Structure formats: C-alpha cells, structure tokens
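The values are calculated or read from the model by the stated rules, or taken from the named source; none is laboratory data. Keep in mind that what you see is a predicted model, and the values were worked out from it rather than measured. When we count neighbours, we look across all protein chains shown, and the Cβ atoms used for this are built from the backbone with ideal geometry, even at glycine. Note: accessible area is taken over every heavy atom of the protein model, side chains too, but ligands, DNA and RNA are not part of it. Shrake-Rupley method; radii C 1.70, N 1.55, O 1.52, S 1.80 Å.
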Amino acid sequence: MNKYILIFTILFVGCNSNKVELDTIDVMAYNYILDSEVQKFIPVPIFYSTINSFGNAKNLIKIDSVSSVGYDSTLEENLVHKIANETFKRDATYFEMEKSDDIFICDGPIIRIRISYTNGKVVSFIFHDINYEQTSKYQLYKTLYDEINNTQKINTYNSKEIVKLKFKQGKFLKYANNKDTLLVPLPPIFPPVPPLDEVKFVKQPK
C-alpha cells in the first residue's frame, strides 16, 4: 500500500512541477539624464518594485538625490493573475508602441515592466505615466503601477535591506538601458567646445 502511495505522490509532484506559473513582475520608473563626465545619457531610477505571484511587493522609492526608502506593500492577487494570464498569451512585439505622426509630449518618467515566468519566458515593454483609455493595451499595466504607488507602506526597510533591493534595481536598470538602446538609439552628444588655443581666427577677405 505504501508503495502505491509513494508512486502516486511522485507522479502528482512531477505533473505539478511542469505547470508554468508567474515568477516575478519588475516595474521601474526612470529618466535619462546627461552625465557630463562620461558624455553619455544614463538612466536614473525614481521608483522600483519587484512583485511575486501572490502580490507581495518590495519597493524602493527615491526621495532626494542620494536617499531612497524601501518598504513592503501588497497588491490584489486578482490583478497580478490577470497580468500573468494576459502577457503569457503575448510577446513583447504586441506591446511595442505604434509609430504615429501625432505630436505627443510626456514630461513624466519612462515606465518599464518585465513579467517573468517559471519556464523562462520573459515579456518586457515600456509605457507612460498618463491616463490611458480603458480599451488601451497599456491600461492594465498602468493600473498596476498606480496600485503599487498608492498602497500603504507595510514595513520600512533598514539599510541592509535597502542595499539588497538596490542590487536588484541596478540589475534591472542595466536590463532596461539595454532594451531601450536597442529600441531607439539615444541621441548623440554635442561635441564639447574646443579649448581657446584650438580656436583659429581667420581674417575675412575684403
């Protein structure tokens, strides 16, 4: 009898281990600024969150030029599951922004989301911090971003916990920067003004 129970348990666990599920959702809001020392545009994070399949989020928000606050928050599992189901049926090309001749001005940050699954599938794309129509394919993800920012801070992190979360944020920042530059190359930097001794004054002919 025990033999049959063991076989059934192995089969049950084996079948369930093959089920594809949501692993994590990473969300980051950031801007690009010019670093005059290296003459490059670099991404600077404003807000970062990593969310597990149960809706438990670890968040890091920038409060000034040097300091950040880390804290826990909880999202509705239904929202997280809806995002997991929606993106699993899609790939990143579906979420690419369509080219348009219309003038669009957005002074808010770039928001990048990455949805990762246990089978290795990853879907990542960007959207803006604007009010989308209910029919927009970005509305669900903007709702998630708003929910993260509006949820109550459950627990504030100590310095060690912030360092750990900053490490994850840094890895995602590199990922986002690489994705962005593949999507749209960053604008060229204007060459620096030459030193005075390199400037040549030429007498104009009369």
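At 7 Å along the Cα-to-beta-carbon direction for both Thr143 and Val66, put a label point, then send me their distance in nm to one decimal.
So the label points at Thr143 and Val66 sit 4.2 nm apart.
Determine the shape class of the stretch 131-176: with a ≥ b ≥ c the square roots of the Cα gyration tensor eigenvalues, call it rounded for a/c under 1.5, and otherwise prolate if a/b is greater than b/c, oblate otherwise.
oblate
Pull out a ≥ b ≥ c, the square roots of the eigenvalues of the alpha-carbon gyration tensor of the stretch 33-88, then state rounded if a/c is under 1.5, prolate if not and a/b is larger than b/c, and oblate in the remaining case.
Verdict is oblate for the stretch 33-88.
In nm, give the distance between the simple-model label positions of Glu161 and Tyr32, each being 7 Å from the Cα along the Cα-to-Cβ direction.
3.5
For the stretch 43-102, which whole-number percentage of the solvent-accessible area (1.4 Å probe, protein heavy atoms only) is attributable to carbon and sulfur atoms?
Summing carbon and sulfur atoms, their accessible area is 48 percent of the total for the stretch 43-102.
Less than 15 Å Cβ to Cβ from Asn158, Lys/Arg counted +1 and Asp/Glu -1: what total charge do the surrounding residues give?
Every neighbour counted, the sum reads +3.
Could you tell me the extents of the stretch 23-118's C-alpha atoms along the three principal axes, largest first, rounded to whole Å?
Principal extents (Cα only, largest first): 43, 39, 23 Å.
Give the long-range amide H neighbours of Ile46: residues separated by 5 or more places, or on another chain, with amide H under 5 Å away, using H modelled in the peptide plane at 1.01 Å from N.
Ala29, Tyr30, Asn31
Leaving ligands, DNA and RNA out of it, work out the accessible area of Ile51 with a 1.4 Å probe and give it in Å² to the nearest 10.
Probe radius 1.4 Å; accessible area of Ile51 about 0 Å².
Would you please give the FRET efficiency between Asn150 and Ser53, computed as 1/(1 + (r/R0)^6) with r the Cβ-Cβ distance and R0 = 22 Å, to the nearest 0.05?
For Asn150 and Ser53, the calculated efficiency is 0.55.
Check each of the trypsin sites (Lys or Arg not before Pro) in the stretch 62-99 and keep only those in coil by DSSP with at most 11 other C-beta atoms within 10 angstrom; list them in order.
Lys89, Lys99
Report, in listed order, any pair from Lys121/Lys153; Lys62/Lys168; Lys40/Lys62; Lys62/Lys137; Lys19/Lys174 with a Cα-Cα distance greater than 19 Å.
Too far apart for the 19 Å limit: Lys121/Lys153; Lys40/Lys62; Lys62/Lys137; Lys19/Lys174.
Measuring from label point to label point, each 7 Å out along Cα→Cβ, what is the Lys171 to Arg90 span in nm?
Label-label distance for Lys171 and Arg90, simple model: 2.6 nm.
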